[in-house]
1. Just to be sure I understand, how many residues within segment 113-147 are within 14 Å of the chain's Cα centre (by Cα), open to solvent by less than 60 Å² (accessible area, probe 1.4 Å) and in contact (Cβ under 8 Å) with a residue 40 or more places away in the chain?
2. Taking Gln60 as meeting all but one of (1) assigned to a helix (DSSP H, G or I); (2) without any contact (Cβ under 8 Å) to a residue 40 or more places away in the chain, write down the number of the exception.
3. Restricting attention to segment 31-62, and to residues there that are polar (S, T, N, Q) and within 24 Å of Tyr108 (Cα to Cα), which single residue is surrounded by the most Cβ atoms within 10 Å (Cβ to Cβ)?
4. Of everything in segment 63-77, what is surrounded by fewer than 14 Cβ atoms within 10 Å (Cβ to Cβ) and either under 20 Å from Thr137 (Cβ atoms) or of a type in the set (D, E, K, R) (or both)? Give them in sequence order.
5. Output yes when any residue across segment 146-167 is among the charged types (D, E, K, R) and part of a loop (DSSP other than H, G, I, E, B), and no when none is.
6. In segment 98-112, how many are more than 11 Å from Phe149 (Cβ to Cβ) and open to solvent by less than 20 Å² (accessible area, probe 1.4 Å)?
7. Identify the residue in segment 78-97 that is open to solvent by 40 Å² or more (accessible area, probe 1.4 Å) and not in a loop (DSSP other than H, G, I, E, B) and, among all such residues, is farthest from Val170 (Cα to Cα).
8. What about Asn27, is it at pLDDT 95 or above and either of a type outside the set (Phe, Trp, Tyr) or exposed (fewer than 15 other Cβ atoms within 10 Å of the Cβ) (or both)?
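The values are calculated or read from the model by the stated rules, or taken from the named source; none is laboratory data. Given the structure is predicted, the values throughout are model-derived calculations rather than measurements. Here the Cβ positions follow ideal geometry from the backbone for every residue, glycine too, while neighbour counts run over all protein chains shown. Remember, those area values only see protein heavy atoms, side chains included, never the ligands or the DNA or RNA. Shrake-Rupley method; radii C 1.70, N 1.55, O 1.52, S 1.80 Å.
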Amino acid sequence: MKRTIILAVMVAMVMGYSMQSEAALTNLGTDDLGNRLIYDSDLDITWYDYTRSYDTWSNQVGWAYGLSVTFGGNTYDDWRLPTALNQDGSGPCSGYNCIGSEMGHLYYTELGNVSGGPLSNTGDFQNLRDEWYWSGTQYSGIPLSAWAFNTSGGYQTGYNKGGRLRAIAVRSGLAVVPEPISSILF
């Protein structure tokens with residue numbers, strides 16, 4: 001009887017773990033410049049693992065919109081700065097633990113960093129820094145501000161657009177590497 005109960009508990013634990021859906025970051029490889037493209041299957045977005053140096057909000061937005069990345073023979077030119085809005089379109093959230101925004105989701109959920117702590121886990125990212133990053137979301141009601149996320153602690157707040165912060169680009173969907181011809185013929 002005792003053995004049956006232990007076996008039932010073990011089977012329940014295995015089934016519980018196998019039924020949990022875990023999204024993951026997937027390193028898709030590098031572009032023609034050697035920067036990684038990292039796919040977040042949970043949000044269905046692809047991060048461009050390149051941190052742009054300090055600049056104003058409008059210049060960083062222009063950089064992301066003008067970015068053209070060649071990867072796997074395809075050119076992607078639909079980049080943007082991450083949104084500070086929650087995944088359901090509400091918000092943005094202000095402060096720590098804002099996991100609904102794209103940067104917050106990356107920092108807390110995908111990379112497992114903690115509130116108030118340093119950027120201790122960067123996963124497959126090689127160029128993500130312990131810094132302030134611009135989002136592409138303007139601060140409602142204050143035209144001279146936009147939302148920003150601090151990867152040195154996980155804090156999201158409004159910031160003066162004239163300030164000079166870093167930027168990282170993201171695009172919706174998966175950047176696909178075409179299959180080799182030999183695998184198609186097989």
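1. The qualifying residues number 9.
2. Going through the list (1) assigned to a helix (DSSP H, G or I); (2) without any contact (Cβ under 8 Å) to a residue 40 or more places away in the chain, Gln60 breaks only (2).
3. The qualifying residue surrounded by the most Cβ atoms within 10 Å (Cβ to Cβ) is Gln60.
4. Scanning segment 63-77 gives Gly66, Asp77.
5. yes
6. Here the count works out to 2.
7. Tyr96
8. yes
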